[in-house]
Amino acid sequence: MTSPDFTPIPGLLASLDLLQITQSDAVAHVRLNRPAKRNAISDGLIQQLHSAFLNLPETVKAVVVSGAGDHFCAGLDLSELVQRDIQAAILHSRMWHAAFDAIQFGRVPVVAVLQGAVVGGGLELAASCQIRVAEDSAYFGLPEGQRGIFVGGGGSVRIPRLMGTARMSDLMLTGRVYDADEAERYGLVQYRVATGEGLAKGIALARKMAGNAPMSAFAVMHALPRIVEQSPGEGLFTEALMAAAASSTPEAQDRLRAFLDGRAGKVVKS
Ligand code: 1HE
């Protein structure tokens, strides 16, 4: 359930029938809405996700992604995995890449709230978000290895960067499934909460992120993942450029002045 203060976003986003998209203040909630199919991602759903993230209202400053029902997402809709020629299969995978790039490298940060199955393409979707919150019930697998296929939604790029190549190989080659504690220990998720508490936690985190200075959020989303791919020398130079750009914005100047004047909060352990 979304909190009662979330209301549907009208217009194009309301026409996306496989999603339920609501907003409260600066936070949008994008819910996968195929619970009967465990939110399996059909071609229609991947296209709607892409469209949703390209068309978020300007007033949205952070997003929560969740899945309706007991499972976050069962991955690729296997009923649509028909025989495709090689070119069509490449284009299908590239369609997923475009949608998940729109999430990872979009305008605003995204929190995924995870319960039940977070498998295959569902884990790839979660990996494209900046923050992941797992409820007790969440479990994580890459059954592509058992289905005779390979990841195609950016998993081979994003998942080893979260938990390492060896662990991803283990999930794919042996069918191992991680529970929520293992997922946290291995870096797949940053937050662990009790069953039923994920959405409230995700919304609270999104509200915090929505209050960040836009250039700081932009730097974390767009510069940081690129800097870690650069050589140290190039990374340090990119960091200096990004730091100079961020610190010269009016928001940064206001926030720095507020701290020096004693009007801003100190760093506290939560
Ligand atoms: C589906 C899918 C699906 C459920 N595609 N229809 N993903 C997988 O290999 C995971 C496959 N799914 C499962 O292992 C289980 O369904 C779950 C562990 C997620 C949930 O189990 P359960 O007992 O709650 O549900 P269920 O009875 O298995 O499924 C309910 C319905 O959802 C049923 O349809 P129904 O018409 O018989 O009611 C299932 O067929 C349907 N369903 N999962 C299609 N995935 C870009 S490349 C990405 C590659 C991948 O993601 S590969 C991994 C695919």
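The values are calculated or read from the model by the stated rules, or taken from the named source; none is laboratory data. A quick note: this is a predicted structure, and the numbers were derived from the prediction, not measured. Every residue, glycine among them, receives a Cβ derived from its backbone with ideal geometry; neighbour counts consider all protein chains shown. Accessible surface areas use protein heavy atoms only, side chains included; no ligands, DNA or RNA. Shrake-Rupley method; radii C 1.70, N 1.55, O 1.52, S 1.80 Å.
Only one of the listed residues (Asp101, Asp170) is modelled with pLDDT of 95 or more, more than 23 Å from Asp70 (Cβ to Cβ), of a type in the set (Asp, Glu) and within 16 Å of the ligand (Cβ to nearest atom). That residue is Asp101. The condition (being free of Cβ contacts under 8 Å to residues at least 40 places away in the same chain, farther than 16 Å from Arg31 by Cα and either within 12 Å of the ligand (Cβ to nearest atom) or in contact with a strand residue (DSSP E or B) (Cβ under 6 Å, 6 or more places away or on another chain) (or both)) is satisfied by just one residue among Gly153, Gly120, Gly141: Gly141. Beta carbons closer than 7 Å, at least 6 apart along the sequence or on distinct chains, pair a first residue in the stretch 8-27 that is more than 19 Å from Ser42 (Cβ to Cβ) and assigned to a strand (DSSP E or B) with a second that is open to solvent by 20 Å² or more (accessible area, probe 1.4 Å) and among the β-branched types (Val, Ile, Thr) for Thr22/Thr2; Thr22/Thr7; Gln23/Thr7.
Counting only residues that are loosely packed, with under 10 Cβ neighbours inside 10 Å and within 26 Å of Lys201 (Cα to Cα), the stretch 255-270 holds 6 of them.
Just checking, does the stretch 87-95 include any residue being within 25 Å of Ile9 (Cβ to Cβ) and open to solvent by 10 Å² or more (accessible area, probe 1.4 Å)? For the stretch 87-95, residues within 25 Å of Ile9 (Cβ to Cβ) and open to solvent by 10 Å² or more (accessible area, probe 1.4 Å): present. Taking the criterion of being more than 16 Å from the chain's Cα centre (by Cα), within 12 Å of the ligand (Cβ to nearest atom) and open to solvent by 30 Å² or more (accessible area, probe 1.4 Å), would at least one residue in the stretch 188-195 satisfy it? No, the stretch 188-195 contains no residue that is more than 16 Å from the chain's Cα centre (by Cα), within 12 Å of the ligand (Cβ to nearest atom) and open to solvent by 30 Å² or more (accessible area, probe 1.4 Å).
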